[in-house]
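Data first, discussion second: the structure below is written as structure tokens.
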């Protein structure tokens, strides 16, 4: 394994990790604050991707299309929170799973009605279409570097918001005890709506950026949601730090596992281990720490 | 098509016209009874929802064109189509098949989209003694020992559309090959078929999970392996992701990308865009095959849907035309099942894919072509639903080939 390849795979692992983080942080935030399990989270990623496809055909300036796609997703998130999620906060997790799974099917079908079954095309912005030379022989797509950078910035902004702002303080307090925060005069309904929109926006950001890389079609976010759920379980449900650490760990383990296991165990067995590595890690973490790496005990 | 109720064109009064009409009808139906059933019911079952819905919807488009060409008659007999959705899974297939057979009393069934559906359908149709014509895919088990006298595969045996590409790659200077595919039965079947006949070295192989969407790590591995070509089996959504990421990683033109038409077809051309240009793919059908039947089909398909038909549509159309020709042989009479079966086994019709006949195991004997994804030269093509791309015929992988399982089938 050459140094250039290791470096390239490190970039790939970091990028996969950051995309997973954008998904996982929303899942864990909704659970931590509203105690909500949201299986429609993958739909938000899908909506982001479809909206950038639609915006891209009307708006030529990429930054504007980018903002428009996020705004449209935020509008959908507000409607969804108001119509479906709000009554679910007080219900059991099984009800939430059933209802949000239903929502994801409905959104998948709505997308088919609006845009058709065939995948739609999303062009990356031209000024990000090039590649950067990381060694003399290997170059790395500029667009992928940009994804990692934007995802990292989004994570940083979220951290600043939660740890260093009044809104963040309220969100954290709401997560501890929503009733008391409500009694102190904070509009908990509005607060929860805000959290839902933020977590949806993070997923949509992932979708907007993945649009040019993967197939933009109905149900596209669901496989990523499965991986993100594994990440959340590894990191500890409700823990933001856990989501970050587990995302990066899964990204790196998955990427390097694809290289290392086949070399150690041969193509056939190595492939099997590499494909299952994330879930093996999840089983291992649950066996040792049932609440995940950073999960709180007694939750 | 718009009959006028106040027709002044005929000089006789209404009552006389009515009598004439009744007489004509009686005569016509009397003749029909002597030869064939008055009408037929054809069940058409495709996976228009579920994981293969893009393919299923394209099959339906092919059927739609066929219905227009058949003009209400199948093998000379008026017929109606009863639709069903196999949903891409075995359970729905079995229950929908049972509904078609037991409740709707269909005479024949055509369709299915995925191999798992076909495997599930064999027992119901064999038990009920209803002929079934497969429109897409042919899993190995029922091409061989599990073959059924009531199942005819009008599309392709799965590995058949890949076989021969190995020899083609060797003939075109590929020395070091990397195999990659989705980690399920078809992924292994097609990569194994691609290896067959390849005389160089296979320098690596990877099988990725069905849910994987990012192939950056695998593409980096391929580059590091020093391969001068890769055979990749990725149908549908993952195929779009693989092709776009392949181009974005700067691999186009450096490492040749081979596959079969599952990777790149008109249904995914728009989403893949110019990243698909240069892919070499084997397959039994494309819109560019030159024969009169295909010219007519493609022209009408384009007029209706604005792009070239994908193989799912071409094979669905072909299946309908095949049934039509076989029925014509027995004058629409399917009560004598042995005679009808013989008619299907020896069916001759103008297939859109060129020469076609059935082998002893009811699987097609046909030519596997080699295509290259190319860009049309006319301007404005990128705006079309196929992004101006088409499958250019560049060679032949196997000619009039029998699948490898034919000898294992004992048709009872």
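Considering the stretch A:215-262, the residues that are assigned to a loop (DSSP other than H, G, I, E, B) and either at pLDDT below 90 or surrounded by fewer than 24 Cβ atoms within 10 Å (Cβ to Cβ) (or both) include one that is nearest to the other protein chains (Cβ to nearest Cβ), namely A:215. Please find, within the stretch B:199-222, the residue that is nearest to residue A:263 (Cα to Cα) out of those that are at the interface with another protein chain (Cβ under 7 Å from one of its Cβ atoms) and part of a loop (DSSP other than H, G, I, E, B). Going through the qualifying residues, I end up with B:209.
If you go through the stretch B:263-285 and keep only what is within 14 Å of chain A (Cβ to nearest Cβ), touching a strand residue (DSSP E or B) at 6+ places or on another chain (Cβ under 9 Å) and buried (at least 24 other Cβ atoms within 10 Å of the Cβ), you end up with B:263, B:264, B:265, B:266, B:269, B:271, B:272, B:276. Within the stretch B:159-185, the residues that satisfy the criterion of being surrounded by fewer than 21 Cβ atoms within 10 Å (Cβ to Cβ) and under 22 Å from the mean Cα position of the chain (by Cα) are B:184, B:185.
Residue A:197 fulfils the conditions (1) more than 14 Å from chain B (Cβ to nearest Cβ); (2) assigned to a loop (DSSP other than H, G, I, E, B) except for a single criterion, (2).
Tallying residues that are within 11 Å of chain B (Cβ to nearest Cβ) and farther than 30 Å from residue A:171 by Cα within the stretch A:1-30 yields 12. Restricting attention to the stretch A:149-170, the residues that are surrounded by 12 or more Cβ atoms within 10 Å (Cβ to Cβ) and over 25 Å from residue A:17 (Cα atoms) total 3.
Looking at A:68, A:123, A:119, A:79, which one is in contact with a helix residue (DSSP H, G or I) (Cβ under 7 Å, 6 or more places away or on another chain) and more than 14 Å from chain B (Cβ to nearest Cβ)? Residue meeting the stated conditions: A:68.
Away from chain A (no Cβ under 14 Å) and either more than 20 Å from residue B:66 (Cα to Cα) or touching a strand residue (DSSP E or B) at 6+ places or on another chain (Cβ under 6 Å) (or both) - does that describe any residue in the stretch B:286-299? Within the stretch B:286-299, one or more residues are away from chain A (no Cβ under 14 Å) and either more than 20 Å from residue B:66 (Cα to Cα) or touching a strand residue (DSSP E or B) at 6+ places or on another chain (Cβ under 6 Å) (or both). Can you name the residue in the stretch B:53-87 that is within 14 Å of chain A (Cβ to nearest Cβ) and touching a helix residue (DSSP H, G or I) at 6+ places or on another chain (Cβ under 7 Å) and, of all such residues, is farthest from residue A:119 (Cα to Cα)? Ranking the candidates gives B:85 first.
The values are calculated or read from the model by the stated rules, or taken from the named source; none is laboratory data. Just so you know, these numbers come straight off a predicted model, no measurement behind them. Cβ atoms come from the backbone with ideal geometry, glycine included; neighbour counts cover every protein chain shown.
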